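Please read the structure below before turning to the comments.
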Amino acid sequence: MSEPQSKKSKMSNSLEQLKALTTVVADTGDFEAMKKYAPTDATTNPSLDFTGSKFAQYKPLIDKAVQYGNKIGTTEEERLENAMDMLGVLFGVEILKIIPGRVSTEVDARLSFDKEASIAKSFKNYSTVCRSRHLKERILLGLASTWKEFKLPKFWNRHIPYTVPINMID
């Protein structure tokens with residue numbers, strides 16, 4: 001009688017079956033899990049960045065984000081906001097090194113009722129990632145799906161000189 005398949009083997013087979021049918025997207029701040037399960041695409045947002053930042057191996061990313069925030073901001077609030085924005089960008093860049101597909105970088109949901117702030121934050125984060133020498137075609141911008149944000153793709157593509165894929169979230 002043959003041995004029962006291990007749990008890992010069953011999971012691997014299920015994952016491979018799923019990959020044959022659809023695009024697997026990682027929704028985690030754990031880079032090691034992404035390496036292990038090899039999703040095609042991934043998403044990152046402030047909550048996932050915060051969770052991921054608790055891992056000791058990500059301390060260099062946090063240090064770099066804090067340095068950036070301190071360099072750019074003039075007030076404590078600006079330094080913190082810039083550091084958090086950069087942390088999201090750094091997480092996105094690291095994820096792009098792991099996955100073959102796209103990464104969706106979600107804008108802070110607290111901006112969901114402020115169209116101008118959502119546009120400004122999206123453009124700032126997108127521009128920063130693109131300066132990091134990663135293909136802009138691999139970046140999706142996640143915006144909270146309020147009525148105002150449903151109008152953003154049209155606005156963005158009319159006023160920004162290049163096309164930006166926008167991923168609506170809720």
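What follows is calculated from the coordinates using simple rules that are stated; it is not laboratory data. Because the structure is a prediction, the values reported are computed rather than measured. Heads up, the Cβs are rebuilt from the backbone with ideal geometry, glycines too, and the neighbour counts pull from every protein chain shown.
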Once phi is turned into ³J(HN,Hα) by the Karplus curve 6.51 cos²θ - 1.76 cosθ + 1.60 with θ = phi - 60°, what whole-Hz value does each residue of region 20-29 show in order, with x for glycine and proline? 6, 9, 7, 8, 8, 10, 7, 10, 8, x
For residue 81, net neighbour charge (Lys/Arg +1, Asp/Glu -1) across residues whose Cβ lies under 15 Å away: -2
Run the quick spin-label model on residue 113 and residue 15: label points 7 Å from Cα toward the beta carbon, then report their separation in nm to one decimal. 4.1
Counting Lys and Arg as +1 and Asp and Glu as -1 over every other residue whose Cβ sits under 11 Å from the Cβ of residue 47, the net charge comes to -4
A chain fully extended from residue 47 to residue 71 at 0.36 nm per residue, minus the present Cα-Cα distance, gains in nm 6.3 nm
Mind listing the long-range amide H neighbours of residue 140? Cut-off is under 5 Å, sequence gap 5 or more, other chains count too, H placed in the peptide plane at 1.01 Å from N. 103, 104, 105
